[in-house]
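Worksheet: one structure, shown below.
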Amino acid sequence: MRFKKFLYCLSLLILLPGLAISQEGMWLPFLLDQNEPEMRNLGMKMAIEDIYSVNQGSLKDAVVLFDGSCSAELISPKGLLLTNHHCGSGQIQNHSTLENNYLEDGFWAATMADELPNPGLEVTFIVRMDDVTAQVLSGVSEDLPPRERQSLIDKNLNELRKNAVLKDYETLEIKPFFEGAQYIQFTNMNYRDVRLVGAPPSSIGNYGEDTDNWVWPRHTGDFSLFRIYAGPDNLPADYSPDNVPFQPKHFLPISLKGVKEGDFTLVMGFPARTNSYLPSYGVKEVLEVIDPIRVGMRDISLDLLGEAMRANPETKLQYASKQRGISNGWKKWIGEMEGLRRTNGVRKKQHLEEQFQELMREDPELTRKYGHLLEDFRNIYTEREPFQRASIYYSEAVGVNVELFRVAFRLARLARIYDSQGVTGYETALPSTKGYIESFYTEFDASLDQRVFAGIMEHYFGGVNQTFLPETALAQVEAHTGNYAAWAKALYEGTMLTHPEQMKTLFAQTPEEVIKALEADPFYQLTLDLNQAYSEKVAPAANDFSEQLGEVQRQYMMALMETFPKRRFYPDANFTLRVTFGQVAGFSPRDAVKYGYHTTLEGVMEKYVPGDYEFDLPERLRQLYQAKDYGPYGFKGELPVNFIGTNHTSGGNSGSPVVDAYGNLIGLNFDRVWEGTMSDINYDASRCRNIMVDVRYILFIIDKFGGARRLIEEMKIIK
């Protein structure tokens, strides 16, 4: 019997290649000892202590969470920070005007005094990590009902937070792993004075924009530079002209040696979210419900935004960052669906479930504990499908694609504050509301948003069960004989929310007059109606199903770990610091197609299209190419630009450092290949590749193109 069980485990590892490949996984850096043999087999030369240490400077002290959504790394002893251009594009855009368009033309601070502050921008260092599972799960048993179990966990978490010993400048965060089987406590430091230092023009930093996004071969200089400033004690401080450059415990030396196929690569950063342990029913839902809806909705808005941006330079400036955010997910989900189909993602999960069931049949105790789980999954996913469909449509419509809903929801929040807190609460909240709305209008085109509204709402209303929609809205559509463009025109012309001057006049009135005017506004009322219909008809059931799935998923995670005790599991991404390791490698995504592992400036020039918004190039870059003036950054007459590897990355890894076997910076992670975006659900080493900017191209752009030699002189460069 034991031998039969062994054969099943062995067959699982053979038949599910993603489980056996050592490059898969997003590992907690303070638990890397278990991975050291594989890492050394792949070529790593540094010690585990060089990656994570609380006693000395290590890689973890050079890597930060940037603006809550990206990763970044320190590359000088003066707090110089490297991240992606697309991670810093919001700050770059905020400093841009038509006269000084840093998005279009780039920006290089001539001196430290010229570096630009960014209110609200923070970076987070991890001081240390501690396993607090025993404390969090103290007194918790599997016999407790789910809500009682969570209540006890919450109580234990509160006790931990209350009793934590922190320095004045430290913050605490405790996060669950493996669906709550493990809890890790993170002691953090947040630096609040982060200034823009340099960025190439978008024609380099976002070269290929839409066409090349998620695509290999890639030719993008996706980087930007910031600097962390601190108080005189080197500790976090609010912005002040008296602050000084931060002095890190560790920064990354930069290697000019370059890369070749098979070289060891380590990526450290903050991946956002993965779902590596979804059952087959969950993968099928992604493939057949969630991703198709998201892609279909964004098809509409992206077509309209692209048309408008091509026609008007001012619209392009207003919408560059927003369009990129919408497009990024859209293209990723298209690739995710394609990758899941090509790698038989649903079938792989089904095979795992078959092995799981077979092993359970050999053990009555396992059957008693876990035998119901797969049937539970099937029932819950089936029953929640119409509610999940309505939820995705709603979130895409009102939360992503139609901008004016954001103003309406901000005003609704102000109205709720007035209802609950009266005039005092209203007057306290009013300045931030006014500030938000004033900022909103600087990057808003009402006529464009009206066209987006018409297309999005027609798709939304046609895609969900009509009982989930407000009768008032359906009546308005019927009154316009199903013509959504006419409905949109009436709404946008009849609302004051599209007129900044009317909004200024509104806020000068009394709270009672403001609320009365809002209640008479057609777009504001539509927003409330849509939200009420969703909140009453969809959200309760959707939330209940999510809660049920969360409990079954928690038990399933425990079941997998108990059923396959020799398998090493890694926790799903949750915006905590992780290490992934792999190798530089090309790949062959389909028949007769084979991609090499790197690209060069010659490929950049081959894509060059004068005047095109995606593939135009600065004259200075073309001159440097013609002269082959690459300085010390070229290699055998070529200038490397991008390369790919097998590191398991996700959203949030944008801006992560890529280091070599010795811990030297060799690249900057910024994307994944389109064929492998399903790695969030189903990593497959045959096609999952992360895309990186070669550090030599970054230095070339800073030095030879940007003329910012002073920044090069800060760095420790290994030639």
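Side notes on the structure shown:
- Looking across 353, 396, one residue alone is of a type in the set (D, E, K, R), surrounded by 20 or more Cβ atoms within 10 Å (Cβ to Cβ), touching a helix residue (DSSP H, G or I) at 6+ places or on another chain (Cβ under 6 Å) and at pLDDT 95 or above. It is 396.
- Selected residue (criterion: surrounded by the most Cβ atoms within 10 Å (Cβ to Cβ)) from residues of the stretch 114-141 that are acidic (Asp, Glu) and touching a residue at least 12 places away in the same chain (Cβ under 8 Å): 115
- Residue within the stretch 594-615 that is more than 30 Å from the chain's Cα centre (by Cα) and under 30 Å from residue 60 (Cβ atoms) present: no
- Filter result for residue 252 (buried (at least 20 other Cβ atoms within 10 Å of the Cβ), at pLDDT 95 or above and under 22 Å from residue 113 (Cβ atoms)): no
- Any hit, the stretch 324-337, residues being in contact with a Pro (Cβ under 9 Å, 6 or more places away or on another chain), not aromatic (Phe, Trp, Tyr) and not assigned by TED's automatic domain parsing to the domain that holds residue 104: yes
- Count of the stretch 364-378 residues, restricted to those that are under 16 Å from residue 555 (Cα atoms) and either outside any helix (DSSP H, G or I) or of a type outside the set (D, E, K, R) (or both), is 8.
- Output for the stretch 121-145, where each listed residue is part of a helix (DSSP H, G or I) and either closer than 30 Å to residue 92 by Cα or over 30 Å from the mean Cα position of the chain (by Cα) (or both): 134, 135
- Within the stretch 462-478, the residues that satisfy the criterion of being surrounded by 14 or more Cβ atoms within 10 Å (Cβ to Cβ) and touching a Pro at 6+ places or on another chain (Cβ under 9 Å) are 464, 468, 476.
- A count restricted to the stretch 236-253 and to residues that are part of a loop (DSSP other than H, G, I, E, B) and without any contact (Cβ under 8 Å) to a residue 24 or more places away in the chain stands at 2.
- All told, residue 695 falls short of being touching a helix residue (DSSP H, G or I) at 6+ places or on another chain (Cβ under 6 Å) and modelled with pLDDT of 95 or more.
- Test: residue in the stretch 300-310 that is touching a residue at least 24 places away in the same chain (Cβ under 8 Å), polar (S, T, N, Q), under 30 Å from residue 402 (Cβ atoms) and surrounded by fewer than 19 Cβ atoms within 10 Å (Cβ to Cβ): no
The values are calculated or read from the model by the stated rules, or taken from the named source; none is laboratory data. Small disclaimer: the values here were computed from a predicted structure and weren't measured. So basically every Cβ, Gly included, is an ideal-geometry build from the backbone, and we count neighbours across all protein chains shown.
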